[in-house]
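**Student:** Take a look at this one; I'll ask things after.
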Amino acid sequence: MATPAQWLAGARPRTLPAAVAPVLVGTGVAVALDGFRLVPALLALVVALALQVGVNYANDHSDGKRGTDADRVGPMRLVGSGAATAQAVLVAALLSFAVAGVAGLALAALSSWWLVAVGAVSIAAAWTYTGGPIPYGYRALGEVFVFVFFGLVAVVGTTFGQTRTVEGLAFAASVPVGLLITAILVVNNLRDVHGDAAVGKRTLAVLLGERATRWFFTGLLVASFVVVALVGTARPWALLGLLAAPLAVPPARTVLSGATGPALIAALGGTGKVTLATGVVFALGLALS
């Protein structure tokens, strides 16, 4: 039976910046538009965190059942290691999605019922990433999902939940966040590229190969800050987001140096840190604008 520490590890706390950063940025946009509301912002944060944890447990369940995690390089998975049954991890995933659903309903009640449809699609996309008969995470589409749902949808949805309007600034601000979160997935898949290829999991890293994936990862980091700079041309305070750029150097250096396997775990953590830091300073700059 899995211990509390193992369940916490299964939730993969290293990935939580991917949930927090979009909500911070979306809230920064809401402040910039004079539409900030605390309760919807907090509810959006609960939705994002619960969805992220739910995705992690759902992936653990589905990959474990498929045998993808039998020979894993990265942190322990509950089902693959035998620490918990697939059924128990499935329950954890469903409970996480239920929390996201309840918070999402409360958010919709305070803003717009259109958010119910957005939430339902988000949960379905989270489950079918590695679950269901045709998991798109096994078909090199994971990066698309991450950019769209943890970048675009999360930022624009957070702003909409507070302002009740769909604004161009929210779409623009979602791009650098989405690129950084996508980079988290890319370095994760780079770490697991050989194991995934062996079991037939065709991630983008498997299709591109290691060399191209390393440059793709670096390109995502660079592009994210280029977009921050572009947003700053219209709202100069947003240039505060560039203060996080130096944090991108260590993970980029590690990845470009040819690091493999466990050596990439530090790069994964570093990418999470730069994502969170960018979310904080970029959101602050947007709010000040």
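The values are calculated or read from the model by the stated rules, or taken from the named source; none is laboratory data. As the structure is a prediction and not an experimental result, all values here were calculated from the model. Here the Cβ is made from the backbone with ideal geometry for all residues, glycine too, and neighbour counts use every protein chain on show.
**Student:** With respect to ARG253, is the statement that it is charged (D, E, K, R), crowded, with 19+ Cβ neighbours inside 10 Å and either assigned to a helix (DSSP H, G or I) or touching a helix residue (DSSP H, G or I) at 6+ places or on another chain (Cβ under 7 Å) (or both) true?
**Tutor:** So ARG253 does not fit the description; no.
**Student:** Which residue pairs have Cβ atoms under 6 Å apart, sit 6 or more places apart or on different chains, and have a first residue in region 73-94 that is among the small types (Gly, Ala, Ser) and surrounded by fewer than 18 Cβ atoms within 10 Å (Cβ to Cβ) and a second that is modelled with pLDDT under 85 and part of a helix (DSSP H, G or I)?
**Tutor:** Filtered contacts from region 73-94: ALA86/GLY64; ALA86/LYS65.
**Student:** Checking PRO246 against (1) modelled with pLDDT of 95 or more; (2) within 18 Å of the chain's Cα centre (by Cα); (3) surrounded by fewer than 24 Cβ atoms within 10 Å (Cβ to Cβ), which single condition isn't satisfied?
**Tutor:** The failed condition is (2).
**Student:** Now for a separate question. Could you list, in sequence order, the residues of region 264-289 that are of a type in the set (S, T, N, Q) and within 18 Å of VAL226 (Cβ to Cβ)?
**Tutor:** THR271, THR275, THR278
**Student:** Residues in region 246-261: is at least one farther than 27 Å from TYR129 by Cα, in contact (Cβ under 8 Å) with a residue 60 or more places away in the chain and in contact with a Gly (Cβ under 6 Å, 6 or more places away or on another chain)?
**Tutor:** No, region 246-261 contains no residue that is farther than 27 Å from TYR129 by Cα, in contact (Cβ under 8 Å) with a residue 60 or more places away in the chain and in contact with a Gly (Cβ under 6 Å, 6 or more places away or on another chain).
**Student:** Counting residues that are within 19 Å of the chain's Cα centre (by Cα), which helices (runs of 4 or more DSSP H) fully inside region 1-95 reach at least 2?
**Tutor:** On the way: elements: 4-10, 17-32, 38-66, 78-81.
Output list reads 4-10, 17-32, 38-66.
**Student:** Same structure, new question: Could you give every pair whose Cβ atoms fall below 7 Å, whose first residue belongs to region 149-161 and is within 15 Å of ALA32 (Cα to Cα), and whose second residue is of a type in the set (A, V, I, L, M, F, W, C) and not in a helix (DSSP H, G or I), counting only separations of at least 6 or pairs across chains?
**Tutor:** Qualifying pairs under 7 Å: VAL156/VAL166; PHE160/VAL166.
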